[in-house]
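Following: one structure in structure tokens, then a few remarks.
The values are calculated or read from the model by the stated rules, or taken from the named source; none is laboratory data. Everything numeric in this text was worked out from a predicted model, so none of it was measured. With ideal geometry, Cβ positions are generated from the backbone for all residues, glycine too; neighbour counts draw on all protein chains shown. For accessibility, only protein heavy atoms count, side chains too; no ligands or nucleic acids. Shrake-Rupley method; radii C 1.70, N 1.55, O 1.52, S 1.80 Å.
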Amino acid sequence: MVGVSGGRVLLASPRGYCAGVDRAVDAVERALAKHGAPVYVRKQIVHNLHVVRDLESKGAVFVEEETEVPRGAVVVLSAHGVAPDVYSNSRVRDLEVIDATCPLVTKVHVEARRFAADGRTIVLIGHAGHEEVVGTTGQAPERTILVQSVSEARTVEVPDPQNLAYLTQTTLSVSETDAIIDILRERFPAIQGPPHEDICYATQNRQDAVKAIAPRVDVLLVIGSKNSSNSNRLAEVSRERGTPAHLVDDETDVDPAWLATASTVGLTSGASAPEWLVDRMLGWLASEGFDDVEVVTLAEERVRFSLPAGVREIPLAGA
């Protein structure tokens with residue numbers, strides 16, 4: 001430990017909320033302002049424990065499936081997107097649907113339907129069971145093959161190599177995804193990709209920021225929940241560069257032993273982690289002697305998405 005003071009913190013920027021997460025959380029809060037509690041939310045609106053607890057305290061009720069929502073109630077769909085049958089089930093139950101799917105995920109869904117309509121098999125690069133992958137697969141389940149790793153890319157079999165396309169989950173490791181795509185292109189030269197890459201700008205920017213600070217720190221703390229794909233990738237990017245990294249929900253998860261021999265600590269947060277958690281962590285680090293903070297900025301983010309239909313006209317208190 002560095003003692004009562006003198007330790008440094010390199011604070012990565014960009015970090016924290018992306019435009020899609022900000023939009024989704026805002027949608028739930030505006031739905032509550034419009035309709036009052038309860039407002040139902042299918043799955044976690046974003047993958048962050050603190051965000052979910054905060055919205056629950058305001059009257060949001062989180063459910064696993066739309067079929068659990070009472071008939072005629074309001075349901076918000078999470079930022080990760082859903083398969084078409086979720087919309088069908090919601091109509092049957094007369095639910096008022098507020099679709100908070102990130103527009104960048106919606107883009108992938110549109111691409112999946114287009115490739116399927118062209119008769120192509122889709123190799124979807126992503127993690128099995130992740131809600132975004134479930135939703136994207138649901139756009140064309142009979143034509144989608146999931147590939148999760150470089151090793152699977154080397155062995156995957158496809159029905160027609162001449163009619164093939166690939167798409168990716170938006171929150172993957174940029175370097176690993178590039179490696180998988182390279183293998184697919186080598187094995188299947190006719191494979192088509194999307195017009196623009198699927199990994200979102202925020203995922204790319206946050207990984208780039210970690211790449212910049214990892215060589216300069218002794219340990220990296222990533223604020224994010226364990227089920228957050230993009231947060232897990234940030235920790236992996238640091239470890240790939242030889243810097244220990246720990247994914248934590250907040251400062252109470254930090255083991256002081258991780259900092260015992262550190263003079264410089266890196267700090268970032270996943271795209272679903274609110275900035276107030278960073279402020280809390282900085283306060284705790286200062287109490288542990290890491291009170292010299294340097295912000296390392298790699299990019300300026302100005303992306304904003306319009307709110308979902310049904311809540312655009314609703315102001316928030318203090319907004």
Enumeration of residues in the stretch 294-312 that are farther than 21 Å from Ala79 by Cβ and open to solvent by 70 Å² or more (accessible area, probe 1.4 Å): Val295, Thr297, Leu298, Glu300
Ile199, sole failed condition from (1) out of contact with any Pro (no Cβ under 6 Å at 6 or more places or on another chain); (2) more than 24 Å from Phe115 (Cα to Cα): (2)
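Do we find that Ala262 is open to solvent by less than 10 Å² (accessible area, probe 1.4 Å), in contact (Cβ under 8 Å) with a residue 12 or more places away in the chain and in contact with a Phe, Trp or Tyr (Cβ under 9 Å, 6 or more places away or on another chain) in this structure?
Numbers: open to solvent by less than 10 Å² (accessible area, probe 1.4 Å): yes; in contact (Cβ under 8 Å) with a residue 12 or more places away in the chain: yes; in contact with a Phe, Trp or Tyr (Cβ under 9 Å, 6 or more places away or on another chain): yes.
For Ala262, the condition - open to solvent by less than 10 Å² (accessible area, probe 1.4 Å), in contact (Cβ under 8 Å) with a residue 12 or more places away in the chain and in contact with a Phe, Trp or Tyr (Cβ under 9 Å, 6 or more places away or on another chain) - is met.
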- prompt: Within the group Thr170, Thr177, Thr155, Thr121, which residue is of a type in the set (S, T, N, Q) and within 27 Å of Val311 (Cα to Cα)?
  reply: Thr170
- line: Here the residues within the stretch 53-96 that are among the aromatic types (Phe, Trp, Tyr) and crowded, with 16+ Cβ neighbours inside 10 Å are Phe62
message: Quick check on my filter: what residues within the stretch 249-271 are more than 25 Å from Tyr17 (Cβ to Cβ), assigned to a loop (DSSP other than H, G, I, E, B) and aliphatic (A, V, I, L, M)?
response: Ala260, Ala262
